[in-house]
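The numbers here are math on the coordinates, done by the rules we state, and not lab data. Keep in mind the model is a prediction, meaning the values are calculated, not measured. Here the Cβ is made from the backbone with ideal geometry for all residues, glycine too, and neighbour counts use every protein chain on show.
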Amino acid sequence: GQQVMQIPQYQHVQEGEDFTTYCNSSTTLSNIQWYKQRPGGHPVFLIQLVKSGEVKKQKRLTFQFGEAKKNSSLHITATQTTDVGTYFCAGIMGNRDDKIIFGKGTRLHILP
Amino acid sequence: ETGVTQTPRHLVMGMTNKKSLKCEQHLGHNAMYWYKQSAKKPLELMFVYSLEERVENNSVPSRFSPECPNSSHLFLHLHTLQPEDSALYLCASSQGQGAGYGYTFGSGTRLTVV
C-alpha cells in the first residue's frame with residue numbers, strides 16, 4: 001500500500017549542530033505537510049509544501065519538496081534545546097480520497 | 001491551548017468498562033478526525049467526519065464508536081477494550097476535508113486499558 005517513510009528514526013545531535021530528516025513516498029504526492037510534536041505533547045502543524053522543488057524557510061528551519069514530489073526534507077540549522085521533539089511528515093496522495101499518510105517521525109534529541 | 005480541546009487528558013479503564021472521549025473545537029473547522037498514536041507506530045487514522053457526516057472509517061474495531069452531533073463536537077465511545085488499545089488518542093480538525101488543509105490537533109487523551 002501507499003507508504004511514507006521517514007529516516008532516521010532517531011537522531012542525537014550536539015546543540016549547535018545541524019539536523020536533517022528525510023521523507024520518502026512510494027507514490028507521487030499532491031502536497032506534503034510537516035508537524036512537530038514535543039515530548040508529552042501533540043503534533044503541531046509547521047508547514048505545507050505544494051509545488052515541485054519548492055523550498056520554504058521558517059527561521060532556522062528549511063523545508064524542501066523534491067522535483068518529483070516523492071520526497072521531502074526538513075533541515076534545522078544550529079539546533080537549540082527547544083528543537084527537541086519528533087518531526088513528522090505527512091503526505092497527501094492527491095487522488096480522489098485526498099488521503100493523508102503520516103510518516104513514523106524522526107525523534108530529535110539535543111545533547112547540551 | 002490549541003483551539004481543539006480534548007477531555008479527559010488521562011483515562012484508566014478496565015476491559016469491561018464503558019467510557020467516552022470528548023473533543024471540542026471552536027475554530028470554525030468543517031472536518032474532525034480521531035487518530036490513535038502508539039509507540040513506534042505512525043499516527044493511525046481512525047475516523048473522519050466532514051460536515052458532521054462520517055466519510056471514512058479505517059476498519060476500526062466496533063469497540064470504538066464515534067459520534068459527531070455537530071461540527072464543533074466529536075466523541076469516541078469506548079467499550080470492552082483490550083490492553084493493546086492503550087495509546088494516545090488524538091482529535092484533530094481542519095478547515096476542510098482533503099488536501100491542502102493543515103490539521104490542528106488537540107492535546108490528546110492518554111488511555112490505559114487494564
Taking only Cα atoms of the protein assembly as shown, what ratio of Rg to Rh do you get with Rh as the Kirkwood inverse-distance radius? 0.97
Once you wrap a convex hull around the alpha carbon atoms of region B:21-100, what is its projected area averaged over all directions, in nm²? 5.4 nm²
Hydrodynamic radius (Kirkwood) for region A:1-82, which is based on Cα pairs only, to one decimal in Å: 13.5 Å
Setting aside same-chain residues fewer than 8 positions from A:Lys104, which lysines have a Cα under 28 Å from its Cα? A:Lys36, A:Lys51, A:Lys56, A:Lys57, A:Lys59, A:Lys69, A:Lys70, B:Lys22, B:Lys36, B:Lys40, B:Lys41
Paramagnetic reach from B:Thr7 (point 7 Å along Cα→Cβ, amide N under 15 Å) across region B:71-95: B:73-76
Starting from the Cα of B:Lys18, step 7 Å toward the Cβ, then list every residue of region B:66-89 with an amide N under 12 Å from that point. B:77-80
Given labels modelled 7 Å from the Cα in the Cβ direction, how far is it in nm from A:Glu15 to B:Glu44? 3.8 nm
Calculate the spin-label point distance for A:Gln3 paired with B:Val55, positioning each point 7 Å from the Cα along the beta-carbon direction, and give it in nanometres. 2.8 nm
Extension gain (nm, one decimal) between B:His26 and B:Ser65, 0.36 nm per residue minus Cα-Cα: 11.8 nm
Positive-pole candidate from A:Val4, A:Leu46, A:Ile100, dipole of chain A, charges at beta carbon: A:Ile100
Among the aspartates and glutamates, select those whose C-alpha is under 15 Å from the C-alpha of B:Lys18, and discard any that sit fewer than 8 residues away in the same chain. B:Glu67, B:Asp85
Please label the shape of region A:54-111 as rounded, prolate or oblate, based on the square roots a ≥ b ≥ c of the eigenvalues of the alpha-carbon gyration tensor (a/c under 1.5 means rounded; beyond that, a/b larger than b/c means prolate, else oblate). oblate
Extension gain (nm, one decimal) between A:His109 and A:Thr82, 0.36 nm per residue minus Cα-Cα: 8.7 nm
